[in-house]
Amino acid sequence: MDLKKLDYSLKTPQERKALVEQIVKDASPNQLTEKYIEILSNYIIMAMDKEEKKKKEIMTDNRLITINKRETSYQGLVSKFENGEDGLYNITIENDKNILLTPKVAISPKDVAEIPALADLKESIEIVKKQEKKASGKNKYKLKKMLIEMYQEQYTIKNMVKQPIFATNIAKSFVHTRFDEHITIGEDGLPKSDCICSFFNPKHISVLLCNYSTLKQECWDKFDSDCYYMMMDLDNLVDAALEKKFPLYYDLVIYKIDGRSNAEIQFLLELKYGIKHSVEYISSLWRNKIPKLIADTATKRYLEWYYTMVERGKWKRCSRCGQIKLAHNLFFSKNKTSKDGYYSICKECRNKKNKEEEE
Ligand SMILES: [Zn+2]
């Protein structure tokens, strides 16, 4: 694409914006690379900066470009978003009727009135919404993606300005909640808990991890509360699930709890393990895989306890590692052709074997 089209004799952002709009209109979608859009944005922003100094006023349209430009770094946004709000908006602990952690934070008209950046963003969202309606094809997709990010950005802005008061509220209710738990074994052979916060549920684990520091702080001297023991159990469970078997995940959890950004974690993990994972992957481990592994470990531990202490379970020895494990589909994969319905090699050994064959 021809950058000479950018006419630097145009002085006002409006003129430059009109030119950019024309260029964008004439361009084919694959010409609009991120790099090129950035150049176009800069072209307008430079004029805006000059004018802003004169008029001391931010034009909404140009403000939009500034925001867009900041958001060209999607990874930056994701890590900012995560560290800013630790997943509280996306995750709720719920169990049928009971809801412990609900997203209490919404963007209220009062916020918009009090935070100028938020008001600007709201206006920009309206503009992009209109553009998105008219657009088609790849541009429509791009604008849609931009809209989603802008919506998320609202929370980031609000969090930066107003410190997250919700955290203490949640922690307070957490401390005063009784986590009575009745566990039954379902027809699928898995334990079911009626507790509003259950270690068997990866979502609940995720919320606990995301709010770990706050909850831990709130509970540390409340020896007579359920939450104190729950956090202690969680510590043990995380150790059991990750420390030896998944050292990289274990480190990731510790870095996250320390409040490090995904970019920092990426760097630290690369330093220690010599593998560079993308920040998206790190984020997905933190949100999905790790909570799932921990919940899985909690489930297995409960079953082992239950079939030792409460009811006599069926156990079998793995023909490979020699360990005696529960004859249960969490430990052995089902196999219709075998006498007891399970493979003779345990799941862990099978996974290891499959991995080695892949390599
Ligand atoms: Zn085995």
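The values are calculated or read from the model by the stated rules, or taken from the named source; none is laboratory data. What you see is a predicted model; the values in this text were computed from it and never measured. Because the Cβ atoms are built from the backbone with ideal geometry, glycine has one as well, and the counts that use them run over all protein chains shown.
Annotations
- Residue in the stretch 274-282 that is at pLDDT 90 or above, away from the ligand (no atom under 16 Å from the Cβ) and of a type in the set (Lys, Arg) present: yes
- Residues of the stretch 309-323 satisfying the condition of being away from the ligand (no atom under 16 Å from the Cβ) and in contact with a strand residue (DSSP E or B) (Cβ under 9 Å, 6 or more places away or on another chain): GLU311, GLY313, LYS314
- Residues within the stretch 324-341 that are within 12 Å of the ligand (Cβ to nearest atom) and not β-branched (Val, Ile, Thr), tallied: 4
- Residue check, CYS349 without any contact (Cβ under 8 Å) to a residue 40 or more places away in the chain, under 35 Å from the mean Cα position of the chain (by Cα) and more than 14 Å from ILE185 (Cβ to Cβ): yes
- If you go through the stretch 242-276 and keep only what is surrounded by 12 or more Cβ atoms within 10 Å (Cβ to Cβ), in contact with a helix residue (DSSP H, G or I) (Cβ under 8 Å, 6 or more places away or on another chain) and either aliphatic (A, V, I, L, M) or on the phi > 0 side of the Ramachandran plot (or both), you end up with LEU242, LEU248, LEU252, VAL253, ILE257, ALA263, ILE265, LEU268, LEU269.
- Neighbours by Cβ (under 6 Å, 6+ apart or cross-chain): first from the stretch 181-203, more than 14 Å from LYS300 (Cα to Cα) and touching a residue at least 40 places away in the same chain (Cβ under 8 Å); second surrounded by 15 or more Cβ atoms within 10 Å (Cβ to Cβ) and polar (S, T, N, Q): ILE196/ASN95
- Count - residues of the stretch 342-359 that are within 9 Å of the ligand (Cβ to nearest atom), under 30 Å from SER193 (Cβ atoms) and not basic (Lys, Arg): 3
- Cβ-Cβ under 8 Å pairs, at least 6 apart or on other chains, the stretch 206-227 side farther than 14 Å from ARG287 by Cβ, far side of a type in the set (Ser, Thr, Tyr) and part of a loop (DSSP other than H, G, I, E, B): CYS219/SER225; ASP226/THR177; CYS227/THR177
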